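What follows is a short report on a single structure.
The values are calculated or read from the model by the stated rules, or taken from the named source; none is laboratory data. Keep in mind the model is a prediction, meaning the values are calculated, not measured. Here the Cβ positions follow ideal geometry from the backbone for every residue, glycine too, while neighbour counts run over all protein chains shown. Calculation scope for accessible area: heavy atoms of the full protein, side chains included, ligands and nucleic acids excluded. Shrake-Rupley method; radii C 1.70, N 1.55, O 1.52, S 1.80 Å.
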Amino acid sequence: MARHRRTAPLLIAALALFAVALTLAACGSSNESKDVAEGEPVKLGELEYNVVFSRFLNPSDSEDSAYLVGQPETPPGSTYFGVFIEVQNKSEETQTLADSLTITDADHETFEAIPSKSLYALPFGGRVESQEQIPILDSTPQQGPIEGSLVLFELPASASENRPLTLSIPGPDGPGTVTLDL
């Protein structure tokens, strides 16, 4: 009986040590999936895209009006939707951003990003220098309330009901997809 009393604590300690080792091993692993949720990075070629935040935009709101500079009023039944992205280039060479992004709803309807004149806009097809990021440090979008570059969409009101919304980002080895959190 005394032997079992000594074995139980050793077994518990061994299991606890195994659990800690497993947890630490998981922390060091990288997520190379091209299908992620908002807030998780997706690596496409040498660039790592991370959707920082996404939401419907209100032209009457003072913050949102800065994101909608130069945009016409949306037609009835439509609204603007902003996806705020940070892109990291951890390589030793200059990389080129995607030319465009799309959103697909649960009904498989696809919406293209629209051009934006906002200071917060992601520079589609722009270049990201070696070991740099978009938005550039100390730039308007990086210093802004969301700290990400804007990708602007015009969506029908029904899109909020046809969730999930999935952002598609083209990459050299195929697109990455981000499930947006609404």
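Counting only protein heavy atoms, what percent of the accessible surface of region 101-182 is carbon or sulfur at a 1.4 Å probe?
On the way: 2020 of 4160 Å².
Here carbon and sulfur together make up 48 percent of the probe-accessible area.
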Exercise for review: Add +1 for every Lys or Arg and -1 for every Asp or Glu among the other residues with Cβ under 14 Å from the Cβ of Ser65, and state the total.
Suggested key: -3
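For a quick protection proxy, order the peptides 69-82, 121-134, 36-49 by their average other-Cβ count within 10 Å, most packed first. Don't jump to the answer; show the numbers that get you there.
Numbers: 69-82: 13.9, 121-134: 16.1, 36-49: 18.3.
Most protected by this proxy first, the peptides run 36-49, 121-134, 69-82.
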Check your understanding: If amide H atoms are built 1.01 Å from N in the plane of the peptide, which residues on other chains or at least 5 residues away come under 5 Å of the amide H of Ala121?
Key -> Leu150
Study note, to complete from the structure: Along region 139-149, Karplus-curve 3J(HN,Hα) (6.51, -1.76, 1.60; θ = phi - 60°) to the nearest Hz, with x for Gly and Pro, reads 7, 4, x, 6, 8, x, x, 9, 6, x, 8
Exercise for review: Grab the other residues whose beta carbon is less than 9 angstrom from that of Glu86, score K and R as +1, D and E as -1, and report the net.
Suggested key: -2
